[in-house]
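Everything on this sheet refers to the single structure shown next.
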Amino acid sequence: MKIKHYIIFLLLFIIIFISCKTSKISTSYPFYEFYQATPYNIRSNAFFYHLSDSISILNIEIDTTNLHFVNLPTPDSIFYKIARIECKIDLYDSLDKILKSSIFKISIADTISRWDTTIKLQINHPFKGYCRLFIKSVDFGKNYTVKYLNIDKTSLYSAQWFYTNLQDKHFLKISDTFKIYNSAFDIDSLVFSVYKFPPVAAPPFVTELNLKDIEIEKIKDHSISASQSWVATSDLLNTLINVSIDTFSTGIFFIVVPAHFPEIIYPYELVPPLRYITTDTEFNSMLKSEYPKKTVDSFWLAQIGEAKRAAEVIKKYYTRVTDADKWFTDIQPGWQTDKGLIYIVQGPPNYIYRLYDTEIWLYGSKDEMYAKSYYFYRTYIPNTKMYTWKLYRNNEYKPFWFYNVNLWRK
């Protein structure tokens, strides 16, 4: 069947203009809905790039697997399946005031390929600096997807003046091809910077990290052609890459990962994620083991005491590790990030609140006295031209943290 692409050009300035309307932090989403992790979510990719000072393009790619299709007859009495989607898009400034808001509807025919539906929106608005885009798509079966996109128009050479075949992912697998495009200006070459990953996340009560910048070590810089594709080679495995127009611009970043990422298939991959629930002695012993699978199994069996239940706990723990890699991969694999740290040990929060540069995870009900909130904020990494999410650490987390760690160990 021929792949169908649905292209919609939406001129937001002629639709609904809402000025000086402040969004409320009370807007929240359950974790699994926010990260498209329920069976009823519509999965989607979204990426954003600028064509000029006043024209930008939003691409939304939709996975048709969970769409609600209905049979509709044709004039010759042959039935075909159609899904109808309603999309709501809000454009906020950095103070979370709505600049533009619009709603549109689209019909999608059932096709063979899952990812063959692209919605392309032309957004005409001369915004400057940082903005935030909120997208919610709902089909007639009430399945939906939610997306937040941070928009950077602080300079002519910021990352969103370019677009790549990575779409909204922050990783490239070994032997895969990377290609960068731009429509705003002519470029002959790009700066290609290679970094080591930052350290694995520390516990949420290590408050001295609040006063320290994230530090990562640069391995090398070199130039690549702006017009040619680039293949991820094995010498760059487990590194962070930044591609930019010069050494001062933000550029596009991604990590180079194994072909099986985010899945775990080798025994040696089982040990590092245990850093969060082991003592230094236990962890270092496992790192040195010649038989990591046997050592890891022995660790879990010693904690749990019963083989069947130990197997269930092992499966649960490493499912969280791979899920963290799917959802939180950024300047390092997702399990190593602050968000991955909290998610793996404590599980999903009950609610997520999201502003432009802040994400709040709430454990417990909204009006519960003993509910715990974790605050993640976007922070600049000096000398790298990159931003990432960082947890604001607090000593008050310590008893709650060790309580959850001990739950894994018994």
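Charge tally for THR278 (other residues, Cβ to Cβ under 15 Å; Lys, Arg +1; Asp, Glu -1): +1. Within a straight-line Cα-Cα reach of under 19 Å, LYS153 can be paired with the following aspartates and glutamates, leaving aside sequence neighbours fewer than 8 residues apart in one chain: ASP53, ASP90, ASP93, ASP96, ASP168, ASP186, ASP246, ASP357.
At full extension, GLN228 and THR319 could sit 29.0 nm farther apart than now, given 0.36 nm per residue minus the alpha carbon distance.
The residues ILE98, ILE60, when put in order of fewest to most other Cβ atoms within 10 Å, stand as ILE98, ILE60. Among 170-182, 190-202, the peptide with the highest mean count of other Cβ atoms within 10 Å heads the list, and the full ranking is 190-202, 170-182. Site pair LYS218 and GLN303 shows an inter-label distance of 4.0 nm when each label is modelled 7 Å from Cα along Cα→Cβ. Between the stretch 250-326 and the stretch 185-243, the alpha-carbon centres lie 24 Å apart.
Counting Lys and Arg as +1 and Asp and Glu as -1 over every other residue whose Cβ lies under 13 Å from the Cβ of VAL313, the net charge comes to +4. Annotation: amide H of LYS173 within the under-5 Å range of VAL257, sequence separation 5 or more or interchain, hydrogens built in the peptide plane.
Checking the Cα-Cα distances for LYS105/LYS147; LYS173/LYS293; LYS105/LYS326; LYS173/LYS288; LYS147/LYS173 against a 21 Å cut-off, the pairs over it are LYS173/LYS293; LYS105/LYS326; LYS173/LYS288; LYS147/LYS173. If you plug the beta carbon distance of ASN238 and LYS105 into 1/(1 + (r/R0)^6) with R0 = 35 Å, you get a FRET efficiency near 0.20. Over all other residues within a Cβ to Cβ distance under 9 Å of TYR343, the charged ones net out to +1, with Lys and Arg as +1 and Asp and Glu as -1. Ordered by the count of other Cβ atoms within 10 Å of each Cβ, fewest first, ARG84, ARG409 give ARG409, ARG84. Computed from the C-beta positions of SER365 and ASN394, the FRET efficiency with R₀ = 25 Å rounds to 0.80.
Amide H to amide H, with H built 1.01 Å from N, SER189 comes under 5 Å of ALA226, counting only residues 5 or more places away or on other chains.
Where a number appears in this text, it was derived from the coordinates with a stated rule and is not lab data. Just so it is clear, the structure is predicted and the values come from calculations on it, not from any experiment. Please note: Cβ atoms are built from the backbone with ideal geometry, for glycine as well, and neighbour counts cover all protein chains shown.
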